[in-house]
Structures are given as structure tokens and as C-alpha cells.
Amino acid sequence: MWHFCVRSFHRFNAVARSSLPTGNENVWDAMYKRGIPRTLDEMSLMLGERVDSPPNSRLLKIAIVGVPNCGKSTLINSLVGRKVCSVSSKVHTTEVSARAVHNVESTQMVFLDTPGLVTPQEVSKHSLNRSLLREAEISLHEADVMAVIHDVSNKYTCNSLHPRVLRLLALYPTTPSILILNKVDLVKHKQRLLDITRIITEGIVGGNRSHVEKKKDVPLSKEKLLRKTKKTLQSVETSTEDKLKKKGNTLVTGQIGLPRDISQISEQDVMEGKVRLTEQEINAFIENRTGWPLFEEVFMVSALSSLGVDDLQDFFYHKAYEAPWIFSSQMLTDQNPQDIALMTVREKFLDAFKNEIPYNLKFTVEHWDLSEEEILYITIQIGCKRQGLARFIIGSGGKSVIPIAQDAEQDLRNTFCNEVKLRLNVVYDPTLKRK
């Protein structure tokens, strides 16, 4: 076993220090002032405490979904007003679903930050956990609203929703959904945003024909919705039938276990959730689609600069319904503090190194201790499968890894509102396996 240690001890900056509790407060009040637990024991206390729902309490659970690197975590941080989710310019920064909580008066909004929608091929390429394939679906089971984030700054993908996003919308058609066009500040010609909106919504928002189609806002009946995509369904019927015939199957309607004629499935029934489509039928249903006609609202935002975020937050506030809160009024997230530290360090490695290097590292917590002096000591091991890779990450005299440790340590101080001493152990161990 060969390893290199980096320990970072720096002065606690004024912003983080001002958030620290004073010595006159008891431990319980201090813990809740932070909003994020520092240890597993504090986390158990916060999650186990009786929720203090105010009179006439209201609740809304929002699942934030989208492809990798579209700005999901950045948007949640902006909505909450504090960094609770890791953010990086690289894809697949978020590896596990996390809840972030924001309270306004008697209303609690719970944001479900899901990992970017991935394919099995991407899981293999980036050495990701296979559970990512189903994380978004699990979150949608408990969500009241599905918020689809779409990156309009990418000229190659801005004109269509990703098939995996369309798949989720087809799986949960009765869950209210909204479209959030992100990174609008990077679009030079703003008229382009209206064109993208028309394409992504199929010209329909909230059941009305969108004004960007230059037509009157006439309610669109479900019969018209059916006619609108019937050609799409018919166009895939022939190809679907040919594929099934090659396998010795025939198209039979209404018999359990046998494929149905996709052209005979009413879009109205699909949109109302009366028909549960198989994976094959979903693929046929969305094959020629670029958008979705059931979005209730469209928002144009820049999550990084918080442009348009107030309007989005106001929508969620008025969408909430009467129900008890599910988290304490002072709790900001249900994330494990050790997971927060691991994701923070991983985020810094993703930004510091190019290509696939960070995806081939394994991050584990070696030591976690909150001292009597209220200093949080954290040691994280970065495992490498090759000795040359470990040396490259460390750099000559630690010049590569030391800035990462310093940056991560400062982020953790601001996150936990507490003094943090972070130590990174870069380890070469050929026995390490990919996740």
C-alpha cells in the first residue's frame, strides 16, 4: 500500500465564522441554527425529532429531473438560498438522490435532487452506481410536481427533450409537470427562446395553445391531442410490427403478455394514465417526439445567477396544498453529513481533472470526529487503481491535490457552519474495484 497525505489548515473565513452559533446557545439550538447535521448522531436527532408543523401548514414535494449537467443541483441551491447540493461543470456530479428543504411562512417545499438521467452505457463508461438507472423513478413516486430542467445553451440538444426525459413523462403522465428552461442568459438571441418553447411544448402550455404559435389561446381538447400525435403512432406501427414478426410474434390487442397494436392505444388514455405502457410501447410512443404537450407552465431561468428563480419559487408556493410538514423548520437537507463531504471532495476532483480521471477514483471516509472544541476532523481516502494515476493526482510536492483539499475544506466550513480540518489520503491500491 502506497499513499500520500494532504492536510489543510487555514483560517476560517469571516462569512462562515459569522454563521457559527455563539457560546451562550445550547447544543440543540446550535445544531438547528446550522440546518445541516455535522455527525451521524446529530442527523439521527434531527430526523427523529417531532416535526413542528405550524398552523395551516402546507406542503409540496418537487422532483427535479433532467439530463446530466443541465443545472439541477445549481437550481436547488438557488431555490434554498444555500449550497446543499454538489455542483460541478462535469456530468454525473450527483450520484444519489437528496432532499433539500425550503420553508416560506407556513409552506414547506421539499426539492428532490435526482442524479442525471443516464443509460446503462453511461453507467459503465463513468463507473457509476447502477442504482442511478432508477433513482429518478423512485423520486417521482413521492413527488407532487415534476420539474423538467432543459439546458437551452446547448445548440445541439436545445430543440428536443432527451428520450429519457420523455420516457419519464410518459411513465407519469398524471403527475403535474412544468418545464424550466435553464441557462437562458447564455442565449444571445432571445427570440430563440420562444422557438425552443414552441418545439419543446408542442405549442401547448397548460392545455392552451401557446402564444408563440401566433394563434389565439383556445383550449385544446383531448380529442385534438389524440389527432395531433396519431400520425406519430401510426408511423411506428409498421416498424414495430416488422420487428415483432422477425421474432415470431404477432400484434394482438387485449391479450395479456402479448404486444398490443400501438396505433390502437388512445393518446387520451395514455395522458390520463388509464393505460400503462410497456417499455417497448413507451419507446414507440416517444420515438418521433421532440416535446411534451402537458406542461402546466414554462419558466425561463438562469440557476447560476438566480435570474427568474423568484417566479419559480412563487409558483411552487401557490401550488402547495394543506398537509403536515415532513421536516423540521430548521432542517435544510436529509443528506448524510459524510455523503456531503464525499460529494464535495468529488466535485472538486471533477473540476480539477480532465477526461475520465475523477470517475475512476473511489472516495471513502476514513475518519470523522467532532472534537470537544467543536472542530470537525475529516479524513477522506481517494483510492487509485494505478500507481501512476496516484502520482499524477498528487502532483510534484502535492501541487495538484493541495489546492483541491483547501477548496473542499472551505466549502465544508460554509456547508456545516463549523470549523473543519480536512485531510485527503491519496492511496494506490490495486485491489480496489470499480463501483
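A few points about this structure:
- Using a simple spin-label model with pseudo-atoms 7 Å out from Cα toward Cβ, residue 280 and residue 322 lie 4.8 nm apart.
- The GluC sites (Glu not before Pro) of the stretch 366-425 that meet both conditions, a loop assignment by DSSP and at most 11 other Cβ atoms within 10 Å of the site Cβ, are 372, 373.
- Residue order, fewest to most beta carbons within 10 Å, for 285, 295, 315: 315, 285, 295
- The packing ranking of peptides 47-56, 323-332, highest mean first, is 323-332, 47-56, where packing means the average number of other beta carbon atoms within 10 angstrom of each residue.
- Neighbour net charge for residue 59 - beta-carbon separation under 9 angstrom, K R +1, D E -1: 0
- Exposure proxy shown here: for 43, 343, the number of other Cβ atoms within 10 Å sets the order, fewest to most, as 43, 343.
- Ellipsoid equivalent to the stretch 327-431 - semi-axes via the Cα gyration tensor, in Å: 26, 15, 13
- Neighbour counts of C-beta atoms inside 10 Å place 179, 60, 307 in the sequence 307, 60, 179, starting with the fewest.
- The simple spin-label model puts a point 7 Å past each Cα toward its Cβ; for residue 406 and residue 105 those points are separated by 4.7 nm.
- In sequence order, the stretch 406-420 has phi-based couplings of 5, 5, 5, 4, 5, 4, 5, 4, 5, 5, 8, 6, 7, 5, 10 Hz under the Karplus curve 6.51 cos²θ - 1.76 cosθ + 1.60, θ = phi - 60°, and Gly or Pro positions carry x.
Computed from the coordinates by the stated procedures, all read-outs in this text should not be read as laboratory data. Every value quoted in this text rests on a predicted model; they were computed, and no experiment measured them. Here the Cβ is made from the backbone with ideal geometry for all residues, glycine too, and neighbour counts use every protein chain on show.
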